[in-house]
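S.K.: This structure is in structure tokens; I'll ask about it shortly.
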Amino acid sequence: MRYIDDTVIMKRMKTRLNKNRGWKALFFTGTLFALLCLVILLVRIVSQGFGYLDWDFLTNFASRFPERAGIKAALIGSIYMMSIVAPVSIILGVATAIYLEEYAKKNKLSDFIRMNISNLAGVPSIVFGLLGLTIFVRSLALGKSLLAAGFTMSLLILPVIIVAAQEAIRAVPQEQREASYGMGATKWQTITRVVLPAAIPGILTGSILALSRAIGETAPLVVIGIPVILQFLPDSPFSEFTALPMQIYDWAKRPQEEFLYVASAGIIILMIFLVIMNSIAVFIRNKFQKRY
């Protein structure tokens, strides 16, 4: 009888090991397929656009001739737009998360607000474009300006930052707050000196993902009427501008095959811009992780 029990146990173990190997192979195949698609995409973009990357491409304005087309106005416009989006969205998002987690009473109203903020994170970007068109472009008469686009993109990524900041603040152990109160610190001192420093890595992680979405979104800019071709640089927050996604979109839809290569060069610049922006945020996040 003992021999039969051991045999059954061995069969079950073997079955479980086979299932584990099967699931492992499935997950590895999925990961490999995703990486393969990414590598193919990167190789195609780099091979098509690398030949158009030179100093003239960075310093020229857009042109109807692909050999003269440049990305200067779009690159500068994207930098200016993100200089508005980043502080507005992060400050408002973190402030909202602090209020909801540290000050708001735990009742049905606050739960309703949290639920709706989470739902807003999944709303299509074109809806935020319509909201920006109604509020900033028409009601506030900001037109097709940097401020209108910056505020619209801030609304787009605000729910993501709020949710990420809430989770990061909620993850700070309650014992740290109680220890701070026990040392005589006020609530605001506890938040600024204990809670926020410990939550900054999580907050920045969510902010990185949100800002990455903002720099590559096209639909809201199309809805509020941002032009695709400009022959000047914005000189104030109220000036018209164009952005990298708009310029790339315009090149990609043109019938001339050469503009597809120019669009690939623009995508390379966009990815470099994105990597630089994210690297700065990751550096700050890692610095606070080591400290706290």
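S.K.: Within 10 Å of each candidate Cβ there may be at most 14 other Cβ atoms; applying that plus a DSSP loop requirement, which trypsin sites (Lys or Arg not before Pro) in region 77-119 survive? Please report the intermediate quantities before stating the final value.
M.R.: Values: sites: K105, K106, K108, R114; in loops: K105, K106.
Within region 77-119, the qualifying trypsin sites (Lys or Arg not before Pro) (loop, at most 14 other Cβ atoms within 10 Å) are K105, K106.
S.K.: Give the calculated FRET efficiency between K108 and R213 to the nearest 0.05, with a Förster radius of 35 Å applied to their Cβ-Cβ distance. Intermediate results must be reported in sequence, preceding the final value.
M.R.: Numbers: r = 31 Å, r/R0 = 0.88.
With R0 = 35 Å, the Cβ-Cβ based efficiency is 0.70.
S.K.: With springs only between Cα atoms under 10 Å apart, run a GNM on the chain and tell me which of G77, G22, G30 wobbles the most.
M.R.: In this elastic network of the chain, the residue with the biggest mean-square fluctuation among G77, G22, G30 is G22.
S.K.: Report the FRET efficiency, 1/(1 + (r/R0)^6), for E178 and C37, where r is their Cβ-Cβ distance and R0 is 41 Å, rounded to 0.05. List each step's numbers first, then the result.
M.R.: Values: r = 49 Å, r/R0 = 1.20.
After rounding, the FRET efficiency stands at 0.25.
S.K.: Please list the three semi-axes, largest first and in whole Å, of the ellipsoid equivalent to region 222-292, using sqrt of 5 times the eigenvalues of its alpha carbon gyration tensor. Write down the numbers at each step before the final one.
M.R.: On the way: eigenvalues 199, 68, 17 Å².
Taking √(5λ) for each Cα gyration eigenvalue gives 32, 18, 9 Å.
S.K.: Explain nothing, just compute: Karplus ³J(HN,Hα) = 6.51 cos²θ - 1.76 cosθ + 1.60, θ = phi - 60°, for every residue of region 32-46 in order, whole Hz, x for Gly and Pro.
M.R.: 5, 5, 5, 5, 5, 4, 5, 5, 4, 5, 5, 4, 5, 5, 5
S.K.: With charges set only on the Cβ (+1 for Lys and Arg, -1 for Asp and Glu), what does the dipole of the chain come to about its Cα centre, in debye to the nearest 20?
M.R.: 1340 debye
S.K.: For Rg/Rh (Cα atoms, Kirkwood Rh), pick the label among (1) 0.93; (2) 0.95; (3) 1.11 that corresponds to the value derived from the coordinates.
M.R.: Of the labelled values, this structure produces (3).
S.K.: What number comes out for the charge environment of S279, summing +1 per Lys or Arg and -1 per Asp or Glu over other residues with Cβ under 13 Å away? Each step should come with its number before you reach the end.
M.R.: Working: positive: R285, K287; negative: none.
Residues near S279 contribute +2 overall.
S.K.: With a sphere of radius 15 Å drawn around the Cβ of L221, what net charge do the other residues whose Cβ falls strictly inside it have (Lys, Arg +1; Asp, Glu -1)?
M.R.: Numbers: positive: K144, R213, K253; negative: E217, E240, D250.
Its environment carries a net charge of 0.
S.K.: Where is the GNM fluctuation largest for the chain (alpha-carbon springs, 10 angstrom cutoff): A62, A171, A198?
M.R.: A171
S.K.: Please express the Cα-Cα pair-distance distribution P(r) of region 119-259 as a list of whole percents, one per 5 Å bin, running from 0 to the bin with the greatest distance.
M.R.: Per 5 Å bin, starting at 0, the Cα pair percentages come out as 2, 10, 15, 15, 13, 11, 10, 9, 6, 5, 2, 1, 1, 0, 0.
S.K.: Residues with beta-carbon under 14 Å from that of M81, excluding M81: net charge, scoring Lys, Arg +1 and Asp, Glu -1?
M.R.: Details: positive: K144, R213; negative: E217, E240.
Summing Lys/Arg as +1 and Asp/Glu as -1 gives 0.
Taken together, the values in this text are just the output of simple stated rules run on the coordinates, not laboratory data. All figures in this text were calculated on a predicted structure; none of them were measured in a lab. We place every Cβ from the backbone using ideal geometry, glycine too, and count neighbours over all the protein chains shown.
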